[in-house]
Amino acid sequence: HAKRSGRGKVMVYTREMEEAARRVTHIEQALRRAVAAEEVEPHFQPIVELKTGHVIGFEALARWTDRDLGVIPPNVFIPIAEERGIIGALSQLLLRKATETARNWPDELFLSFNLSPSQLVDQNTAQQVLAILARTGFDPRRLEIEITETGLMTDPASAEKIVNDLRAVGIRVSLDDFGTGQSSLGRLREFHFDKLKIDRSFVSSILEDKPSEHIIRAILAMCEGLGMNVVAEGIEEEAQADRLVEFGCAGGQGYLFGKPSDAEATMAYLREAYRGMVRDRRRG
Ligand code: C2E
Ligand code: MG
Ligand code: MG
Ligand code: MG
């Protein structure tokens, strides 16, 4: 009996594995088609100056709704795109669309764009980014690239060369999701980042959790010392924003200030925000 149930378990396990593999392949095929048909879209989430709430830029975040599979979140399709060699084409499509949108925003606003770890081992990446900027006419000095510590680990020398090529034309580089994954403070000595993004996990517990508060304050002190800008991610409540301002955090991003929204809604948001700023200036 034991043997039989043992074998049964193995069979169930195998079937689940097969199903998961089939689903990944299904998503891969649908994604290839969607990229070719240019159906994956960047949405844009505001990044604000915390003290005033004024928008200073937007992060582009990929959105995809497949006609058969429905909405597939980026946490699902980005890793598949990486594994199956689609990330280059996908990323180029997204950067082109994002810069075509962002070039219509007021000049002082930046666009922040995520690069995947596998793109930092591919020496074509920098050239591809520059070619897209040339094509869409987007000023490189308005572009920020977000990378994670994972992206720097596989091949640090390759990553460093890509980062340097991007910085040479004025593109800024941010370290995303700081505090998660394989954090190494040594990395902050080797690489020069313009900005550090504090991971949402610290922000979401800042009010209840003393360790999170201490970690955030330490990160802010370190950024100040190293001359790095800082943005706290995942701010959902006014009280969290107040606390971060109190600790001296300059930048913020999160549902409190706006969810990611499409190009058109972003333009409407900007019209509202700029009307508000004109009013503020008149008052002040
Ligand atoms: P990320 O770069 O750290 O992006 C921030 C994520 O936090 C986004 O999830 C955003 O929608 C979410 N977020 C922002 N504010 C809040 C908040 O107040 N509360 C909560 N609960 N969540 C918030 P999203 O859009 O699902 O993207 C997930 C991840 O997928 C991104 O994390 C990034 O690593 C990756 N990703 C998204 N778009 C792209 C892309 O175009 N290229 C690459 N390579 N990766 C991308
Ligand atoms: Mg990001
Ligand atoms: Mg992040
Ligand atoms: Mg993240």
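The values are calculated or read from the model by the stated rules, or taken from the named source; none is laboratory data. Only a predicted model underlies this, so the values are computations on that prediction, with no experimental measurement involved. Here the Cβ positions follow ideal geometry from the backbone for every residue, glycine too, while neighbour counts run over all protein chains shown. Keep in mind that these areas ignore ligands, DNA and RNA; they rest on the heavy atoms of the full protein, side chains included. Shrake-Rupley method; radii C 1.70, N 1.55, O 1.52, S 1.80 Å.
Can you work out which of the residues in segment 24-57 that are hydrophobic (A, V, I, L, M, F, W, C) and assigned to a helix (DSSP H, G or I) is most open to solvent (accessible area, probe 1.4 Å)? Give the derivation first.
Filtering segment 24-57 for residues hydrophobic (A, V, I, L, M, F, W, C) gives 24, 27, 30-31, 34-37, 40, 44, 47-48, 50, 55-56.
The next check asks that each one be assigned to a helix (DSSP H, G or I); those that pass are 24, 27, 30-31, 34-36.
Numbers: Val24: 37, Ile27: 4, Ala30: 12, Leu31: 0, Ala34: 0, Val35: 21, Ala36: 85 Å².
So the residue we want is Ala36.
Just checking, how many residues over segment 58-75 are open to solvent by 60 Å² or more (accessible area, probe 1.4 Å) and either within 16 Å of ligand 2 (Cβ to nearest atom) or hydrophobic (A, V, I, L, M, F, W, C) (or both)?
Applying the first criterion (open to solvent by 60 Å² or more (accessible area, probe 1.4 Å)) to segment 58-75 yields 63, 65, 67-68, 71, 73, 75.
When the remaining residues are screened for being either within 16 Å of ligand 2 (Cβ to nearest atom) or hydrophobic (A, V, I, L, M, F, W, C) (or both), the result is 63, 71, 73, 75.
Final tally of qualifying residues: 4.
Among Lys197, Lys161, Lys210, which is of a type in the set (Lys, Arg), under 19 Å from the mean Cα position of the chain (by Cα) and either open to solvent by 80 Å² or more (accessible area, probe 1.4 Å) or modelled with pLDDT of 95 or more (or both)?
Working: Lys161 fails: under 19 Å from the mean Cα position of the chain (by Cα); Lys210 fails: under 19 Å from the mean Cα position of the chain (by Cα).
It is Lys197.
Specify which of the listed residues (Leu143, Leu130) is modelled with pLDDT of 95 or more, closer than 20 Å to Phe44 by Cβ and either open to solvent by 10 Å² or more (accessible area, probe 1.4 Å) or away from ligand 4 (no atom under 15 Å from the Cβ) (or both).
Details: Leu130 fails: closer than 20 Å to Phe44 by Cβ.
One residue alone meets the criteria, Leu143.
With the condition kept exactly as written, say whether any residue in segment 171-180 is of a type in the set (Gly, Ala, Ser) and in contact (Cβ under 8 Å) with a residue 12 or more places away in the chain. Don't jump to the end; show me each part of the working.
Of segment 171-180, the ones of a type in the set (Gly, Ala, Ser) are 174, 179.
Checking which are in contact (Cβ under 8 Å) with a residue 12 or more places away in the chain leaves us with 174, 179.
Within segment 171-180, one or more residues are of a type in the set (Gly, Ala, Ser) and in contact (Cβ under 8 Å) with a residue 12 or more places away in the chain.
Pull up segment 198-227, narrow it to residues that are of a type in the set (Val, Ile, Thr) and in a helix (DSSP H, G or I), then point me to the one that is nearest to ligand 2 (Cβ to nearest atom).
Filtering segment 198-227 down to residues of a type in the set (Val, Ile, Thr) leaves 198, 203, 206, 215-216, 219.
If we keep only those that are in a helix (DSSP H, G or I) as well, we get 203, 215-216, 219.
Details: Val203: 14, Ile215: 19, Ile216: 18, Ile219: 16 Å.
Looking at the filtered set, the residue picked out is Val203.
Can you tell me which residue in segment 254-273 is farthest from Ser204 (Cα to Cα), limited to those that are surrounded by 13 or more Cβ atoms within 10 Å (Cβ to Cβ) and aromatic (Phe, Trp, Tyr)?
Tyr269
Within segment 132-196, which helices (runs of 4 or more DSSP H) (wholly inside it) include 1 or more residues that are touching a Lys or Arg at 6+ places or on another chain (Cβ under 8 Å)? Walk me through it before giving the result.
Details: elements: 149-153, 156-168, 185-190.
Correct list: 149-153.
Considering only segment 76-90, state which residues are assigned to a loop (DSSP other than H, G, I, E, B) and open to solvent by 60 Å² or more (accessible area, probe 1.4 Å). Spell out how you get there, then give the answer.
Keep residues of segment 76-90 that are assigned to a loop (DSSP other than H, G, I, E, B), which gives 84-86.
Selection gives Arg84, Gly85.
Kindly evaluate Glu238 against the criterion of being at pLDDT below 95 and surrounded by fewer than 15 Cβ atoms within 10 Å (Cβ to Cβ).
Numbers: at pLDDT below 95: no; surrounded by fewer than 15 Cβ atoms within 10 Å (Cβ to Cβ): yes.
Taking the combined requirement at face value, the residue does not satisfy it.
I need a count of the residues in segment 146-158 that are in contact with a helix residue (DSSP H, G or I) (Cβ under 9 Å, 6 or more places away or on another chain), away from ligand 1 (no atom under 14 Å from the Cβ) and open to solvent by 60 Å² or more (accessible area, probe 1.4 Å).
3
Within segment 164-176, restricting attention to residues that are more than 16 Å from ligand 2 (Cβ to nearest atom) and among the aliphatic types (A, V, I, L, M), which residue is most open to solvent (accessible area, probe 1.4 Å)? So that I can check it myself, show each step before the final result.
Step one: list which residues in segment 164-176 are more than 16 Å from ligand 2 (Cβ to nearest atom), which gives 164-165, 167-170.
Now restrict to residues that are among the aliphatic types (A, V, I, L, M): 168-169.
Values: Ala168: 87, Val169: 58 Å².
Taking the candidates together, the pick is Ala168.
For the structure I just gave you, tell me whether Gly179 is over 16 Å from Ser91 (Cβ atoms), at pLDDT 95 or above and surrounded by fewer than 21 Cβ atoms within 10 Å (Cβ to Cβ). Step through it out loud before you land on a result.
Values: over 16 Å from Ser91 (Cβ atoms): yes; at pLDDT 95 or above: no; surrounded by fewer than 21 Cβ atoms within 10 Å (Cβ to Cβ): yes.
Taking the combined requirement at face value, the residue does not satisfy it.
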